[in-house]
Amino acid sequence: MRKWLLVCIGLSVLLAGWRPAPKEPEGLALVRVLGVDGSNPVTLTAVCGGEDQGDQSRGRCAGGSFARALECLPWSGEKELSLTSVSYLIVGRDVDLEQVLLGALRNEELGAACTVWLAENGAAALLDSCQDPAAALKLLERRGVETPTVVEALAALYGGDSLILPLLDGAGPGLIDWEEWRIAA
């Protein structure tokens, strides 16, 4: 009898710890690349899909600040957009980079690990011209292009160090050169 009691307790402990793996809700699209243009208003362009996702959903919205634009972004596409998988942040030359980087850090979904890229002719134009920007940027990384993360870029801005961002053209996108970001005086 004692053996059965121990077996039952052991099984109940094992079963209590078992939970099914969480799944993304039906109709939710994971944003892989987020483009930012302008400083007031700020326009966001989101592209979903990539290697792990066949969904190529897109969304676009604008707001008076980066934080305001982020609030409306989830409902700007055909499906609800989730920012939990953003790997690449592409900025245009006309953004308030400090505001964008701080907003990304403060946002629970975005986080600090996505890499920062600079678009020569604006982020929206670059993302509109590319079918799968996440795959193209991943290929650039595999070729040795190193880009700063949100945290590294913000640390460079605040530390007075030079912030060098990879400059992308609209074709591909492809790497044109490296450009030093300067804070407007």
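Some values worked out for this structure:
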read-out: With every protein chain in place, the range 56-130: carbon and sulfur % of accessible area (1.4 Å); value: 45
read-out: Heavy-atom accessible area order for 72, 61, largest first, 1.4 Å probe; value: 72, 61
read-out: Of every Cα-Cα pair in the range 55-144, the percent that sits beyond 20 Å; value: 35
read-out: Amide H contacts of residue 80 (H built 1.01 Å from N, under 5 Å, at least 5 apart or other chain); value: 29
read-out: Under the Karplus curve 6.51 cos²θ - 1.76 cosθ + 1.60, θ = phi - 60°, whole-Hz ³J(HN,Hα) for the range 90-100, x wherever Gly or Pro sits; value: 10, 10, x, 5, 8, 8, 8, 4, 4, 4, 5
read-out: More than 23 angstrom apart: percent of Cα pairs within the range 30-185; value: 28
read-out: For residue 162, solvent-accessible area (1.4 Å; no DNA, RNA or ligand), Å²; value: 70
read-out: Relative contact order of the range 103-174, pairs being alpha-carbon contacts under 8 Å that are 6 or more residues apart, as %; value: 49
read-out: Residues whose placed amide H lies under 5 Å from that of residue 90, excluding near-sequence neighbours; value: 34, 35, 36, 117
read-out: Per residue solvent-accessible surface (Å²) - the range 48-139, probe of 1.4 Å; value: 44
read-out: Accessible area (Å², 1.4 Å probe, nearest 10) - residue 147; value: 20
read-out: P(r) weight above 18 Å for the range 109-185, C-alpha pairs, percent; value: 43
read-out: Qualifying trypsin sites (Lys or Arg not before Pro) in the range 124-185, DSSP loop, other Cβ atoms within 10 Å at most 10; value: 143, 182
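The values are calculated or read from the model by the stated rules, or taken from the named source; none is laboratory data. Keep in mind it's a predicted model, so treat the numbers as computed, not measured. Cβ atoms come from the backbone with ideal geometry, glycine included; neighbour counts cover every protein chain shown. Quick note on the areas: whole protein, heavy atoms, side chains included, nothing else; ligands and nucleic acids left out. Shrake-Rupley method; radii C 1.70, N 1.55, O 1.52, S 1.80 Å.
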